[in-house]
1. Could you list all residues from the stretch 55-96 that are aliphatic (A, V, I, L, M) and farther than 18 Å from residue 122 by Cα?
2. Residues of the stretch 60-101 being over 22 Å from residue 45 (Cβ atoms) and basic (Lys, Arg), which ones?
3. Cβ-Cβ distance below 6 Å, separation of 6 or more or different chains: which pairs start in the stretch 42-53 with a residue that is of a type outside the set (Ser, Thr, Tyr) and end on one that is surrounded by fewer than 16 Cβ atoms within 10 Å (Cβ to Cβ)?
4. Which condition does residue 75 not pass, out of (1) surrounded by 15 or more Cβ atoms within 10 Å (Cβ to Cβ); (2) under 13 Å from the mean Cα position of the chain (by Cα), if it passes all the others?
5. Out of all the residues in the stretch 85-120, which are in contact with a Phe, Trp or Tyr (Cβ under 7 Å, 6 or more places away or on another chain) and among the aliphatic types (A, V, I, L, M)?
6. For the stretch 88-115, which positions are touching a residue at least 60 places away in the same chain (Cβ under 8 Å) and crowded, with 16+ Cβ neighbours inside 10 Å?
7. How many residues are surrounded by fewer than 18 Cβ atoms within 10 Å (Cβ to Cβ) and in contact with a Lys or Arg (Cβ under 6 Å, 6 or more places away or on another chain) when one looks only at the stretch 36-62?
Amino acid sequence: MTRKRYNFRKSAGTVIPSVKHSNVKMRVQQLIHDEKYVATGHAKKRLDHREVTMKEVRSVLVGGAHVTEDDEFCEFDAAGNKILRWSYAFVKQGLDRKLKVCVAIDDTKSKPLLIVTVIDLG
């Protein structure tokens with residue numbers, strides 16, 4: 001099963017069946033503060049492979065910039081499971097590298113902030 005992604009830049013006119021959070025940055029900051037986040041299996045692999053700590057991830061999510069043009073709606077996850085949720089990207093330049101962290105919010109979970117992946121931008 002292929003993963004379908006909707007991006008406003010790529011698919012103008014596509015009806016998106018889910019609602020984006022209105023103030024993502026504030027919601028993410030609150031979830032980090034309340035320690036209501038969890039890294040997905042994919043994110044854990046990327047953290048290990050790219051030698052990124054959870055402290056760095058939290059720093060990006062609390063103090064980084066929300067990159068709205070990278071918001072995208074995902075219908076299926078990488079394993080083919082139907083998820084129907086938005087993902088959001090945050091970027092921050094650290095002392096020695098620039099990191100991008102992609103997250104999703106699933107309010108049906110006890111830890112609604114899902115850290116989806118971590119990218120080292122150099």
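1. 62, 78, 79, 83, 84
2. 82
3. Hits for this filter: 50/120.
4. (2)
5. Within the stretch 85-120, 101, 103, 104, 113, 115 meet the criteria.
6. Once the filter is applied, which keeps residues that are touching a residue at least 60 places away in the same chain (Cβ under 8 Å) and crowded, with 16+ Cβ neighbours inside 10 Å, the stretch 88-115 yields 88, 90, 103, 105, 112, 113, 114, 115.
7. Residues in the stretch 36-62 being surrounded by fewer than 18 Cβ atoms within 10 Å (Cβ to Cβ) and in contact with a Lys or Arg (Cβ under 6 Å, 6 or more places away or on another chain): 2 in total.
Any read-out appearing in this document is the output of simple, stated calculations on the displayed coordinates, not a laboratory observation. Please read these numbers as outputs of a predicted model, since none were measured by experiment. Virtual Cβ from ideal backbone geometry, glycine too; neighbours counted across all protein chains shown.
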